[in-house]
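Trainee: One structure is given below, represented as structure tokens, and several questions about it will come after.
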Amino acid sequence: MKYDFKSKSGFQEYFGRAHDMVRRAAKEFVDKEIVPYVDEWEEAGEFPRNLYKKAGDVDLLGIGYPEELGGTPGDIFFQIVAWEEIMRCGCGGIAAGLGSLHIALPAIVNRGTDEQKERYVKPVINGDKIAALAITEPGGGSDVAGLQTTAERQVDEYVVNGSKTFITSGCRADQITCAVRTGGPGPHGISLLVIESNSPGYSVSDKLKKTGWWSSDTGQIFFDNCRVPAVNLIGQENEGFYTIMENFQSERLQLAVMANMTSQIALEESIKYVKQREAFGKPLSGFQVMRHKIVDMATQLEVSREFTYRVAAKIDAGINQVKEISMAKNFACMVSDRVTYDAVQIFGGYGFMRGYPVERLFRDNRVLSIGGGTTEIMKEIISNHLFN
Ligand SMILES: Cc1cc2nc3c(=O)[nH]c(=O)nc-3n(C[C@H](O)[C@H](O)[C@H](O)COP(=O)(O)OP(=O)(O)OC[C@H]3O[C@@H](n4cnc5c(N)ncnc54)[C@H](O)[C@@H]3O)c2cc1C
């Protein structure tokens, strides 16, 4: 049965046989093309560029996108299946890097012209090009309405000056969906441009070194009189802020799913470990305190995942979930913070050692409550809904 929010039974089924088929195909791809290489790519600080092409070739990148753009349309749970299975590799950096198109493309798909979609969506879904989203600036990320990178219209071009930082896939992106100031101060002066990385006046930093997500390319981008064709404006001039806010809903869902999968893998690893590791002559699972710790992990995860799915189903049904998706992201991150902390504790010294999955999950998890809007900004959004 498809989700029906008017149904008195409250019965919800989010995944059907078609979703299971996509899950199997995604799992096969991840097991073959990613899992064997994760440790090597993490140590190297990047995964090969041709992973995008390989993922594009098996239609993994285009799930949820319109068919005429090379995608495979479907409800929101097809995308969730893909995100979950990619996270199964146990590495947030690969999931974030390979998934940067999902924060870069929706604005073009929803607001772009046919020419923009042809030029900037199709090749990314195919895996031929890499797309990134560039909102955050060195001077601040939370206060999007205060951004300072300017784009001045000169005849049929915009001349862009300023910089962006912490951009996922930023160093090797072929195109960025970039927030710029085209008007006065505040949210009403912001527009979105697609900027190609080979534009004159465009340059990037070296990859930024991070606590986690090592294999994800995170970079700073500089614009020095960077010239961008005016036809690359997405939607209307000075109306970009609303598109950015719209875009955040899907990014926050993606991050909630990543947090839940982080908890899921940490939980599974912990259960395996307590059964096999012995102390004081018996397996760790023989200690009630250990079992209860794991019970708490599993319970919190179950609640978080169910709530995330429910919010996703409502988004899919066109119901406004701005408050709820902020709650889901915060809740999922609170759970993954606790679960990854406890998983490391359960592993003892090994939990602090490289090569153990929980060590990486613990590090990678930290950014989930910062990216896509911090915990505090989510609370601001929720409180605005509660008090206004
Ligand atoms: C690995 C990584 C990848 C990222 N990828 C991208 C990307 O692809 N594209 C992109 O555009 N950005 C990206 N970001 C940036 C990310 O979205 C920002 O870091 C985030 O929005 C916070 O902005 P900031 O770092 O400037 O912190 P600030 O905005 O300076 O905030 C600092 C602290 O102040 C708090 N704070 C700020 N305002 C308030 C308030 N009103 N009330 C209470 N507390 C407040 C914040 O919660 C935070 O704790 C990425 C960041 C990281 C670390």
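Trainee: Cβ-Cβ distance below 7 Å, separation of 6 or more or different chains: which pairs start in the stretch 119-148 with a residue that is more than 17 Å from Ile176 (Cα to Cα) and touching a residue at least 40 places away in the same chain (Cβ under 8 Å) and end on one that is surrounded by fewer than 24 Cβ atoms within 10 Å (Cβ to Cβ) and among the hydrophobic types (A, V, I, L, M, F, W, C)?
Mentor: Ser142/Ile377; Ala145/Phe241
Trainee: On to the next question. Might you check whether a residue that is modelled with pLDDT of 95 or more and surrounded by fewer than 17 Cβ atoms within 10 Å (Cβ to Cβ) occurs anywhere in the stretch 162-171?
Mentor: No; the residues of the stretch 162-171 include none that is modelled with pLDDT of 95 or more and surrounded by fewer than 17 Cβ atoms within 10 Å (Cβ to Cβ).
Trainee: Hey, can you tell me all the residues within the stretch 171-192 that are within 22 Å of Gly127 (Cβ to Cβ) and away from the ligand (no atom under 12 Å from the Cβ)?
Mentor: Answer for the stretch 171-192, where residues must be within 22 Å of Gly127 (Cβ to Cβ) and away from the ligand (no atom under 12 Å from the Cβ): Arg172, Asp174, Gln175.
Trainee: Out of all the residues in the stretch 119-138, which are more than 16 Å from Asn247 (Cβ to Cβ), surrounded by 13 or more Cβ atoms within 10 Å (Cβ to Cβ) and either β-branched (Val, Ile, Thr) or in contact with a helix residue (DSSP H, G or I) (Cβ under 8 Å, 6 or more places away or on another chain) (or both)?
Mentor: Lys122, Ile125, Asn126, Gly127, Lys129, Ile130
Trainee: For the stretch 302-331, which positions are among the small types (Gly, Ala, Ser), assigned to a helix (DSSP H, G or I), in contact (Cβ under 8 Å) with a residue 60 or more places away in the chain and more than 15 Å from Ile382 (Cα to Cα)?
Mentor: Ala312, Ala313, listed by residue number.
Trainee: Identify, please: which residue in the stretch 344-388 is among the hydrophobic types (A, V, I, L, M, F, W, C) and part of a loop (DSSP other than H, G, I, E, B) and is, among those, nearest to the ligand (Cβ to nearest atom)?
Mentor: In this case the residue turns out to be Ile370.
Trainee: For residues in the stretch 79-125 being small (Gly, Ala, Ser) and not in a helix (DSSP H, G or I), which is nearest to the ligand (Cβ to nearest atom)?
Mentor: My answer is Ser100.
Trainee: Mind listing whichever residues of the stretch 301-322 are crowded, with 20+ Cβ neighbours inside 10 Å and not hydrophobic (A, V, I, L, M, F, W, C)?
Mentor: Hits for the stretch 301-322 are Ser304, Arg305, Thr308, Tyr309, Gln321.
Trainee: Within the stretch 45-78, how many residues turn out to be in a loop (DSSP other than H, G, I, E, B) and among the hydroxyl-bearing types (Ser, Thr, Tyr)?
Mentor: Of the residues in the stretch 45-78, 1 are in a loop (DSSP other than H, G, I, E, B) and among the hydroxyl-bearing types (Ser, Thr, Tyr).
Trainee: For residues that are touching a residue at least 24 places away in the same chain (Cβ under 8 Å), surrounded by 13 or more Cβ atoms within 10 Å (Cβ to Cβ) and in a helix (DSSP H, G or I), tally how many sit in the stretch 32-44.
Mentor: Total meeting the criteria: 5.
Trainee: Regarding Ala298, is this residue among the small types (Gly, Ala, Ser) and buried (at least 21 other Cβ atoms within 10 Å of the Cβ)?
Mentor: no
Trainee: Filter the stretch 145-170 down to the residues that are in contact with a helix residue (DSSP H, G or I) (Cβ under 6 Å, 6 or more places away or on another chain) and near the ligand (Cβ under 8 Å from one of its atoms), then identify the one that is nearest to Pro185 (Cα to Cα).
Mentor: It comes out as Thr168.
Trainee: Search the stretch 357-383 for residues that are at positive phi and pair each with any residue that is in a helix (DSSP H, G or I) and among the aliphatic types (A, V, I, L, M) when their beta-carbon atoms are under 7 Å apart and the residues are at least 6 apart or on different chains.
Mentor: Close Cβ pairs satisfying both conditions: Gly372/Leu255.
Trainee: May I pose another question? Got at least one residue in the stretch 241-259 being of a type in the set (Ser, Thr, Tyr) and over 24 Å from Gln148 (Cβ atoms)?
Mentor: Yes.
Trainee: Same structure again: Sort out which residues of the stretch 126-144 are more than 6 Å from the ligand (Cβ to nearest atom), touching a Lys or Arg at 6+ places or on another chain (Cβ under 7 Å) and not in a loop (DSSP other than H, G, I, E, B), and write them in order of number.
Mentor: Answer for the stretch 126-144, where residues must be more than 6 Å from the ligand (Cβ to nearest atom), touching a Lys or Arg at 6+ places or on another chain (Cβ under 7 Å) and not in a loop (DSSP other than H, G, I, E, B): just Glu137.
Trainee: Could you check, for the stretch 202-215, whether at least one of its residues is in contact with a Pro (Cβ under 7 Å, 6 or more places away or on another chain) and at negative phi?
Mentor: Within the stretch 202-215, not a single residue is in contact with a Pro (Cβ under 7 Å, 6 or more places away or on another chain) and at negative phi.
Trainee: Additional query: Does any residue of the stretch 275-282 turn out to be touching a residue at least 24 places away in the same chain (Cβ under 8 Å) and either within 16 Å of the ligand (Cβ to nearest atom) or part of a helix (DSSP H, G or I) (or both)?
Mentor: No - not one qualifying residue is present in the stretch 275-282.
The values are calculated or read from the model by the stated rules, or taken from the named source; none is laboratory data. This structure is a prediction, so every number in the text was calculated from the model and none was measured. Backbone-built Cβ (ideal geometry, glycine too); neighbour counts: all protein chains shown.
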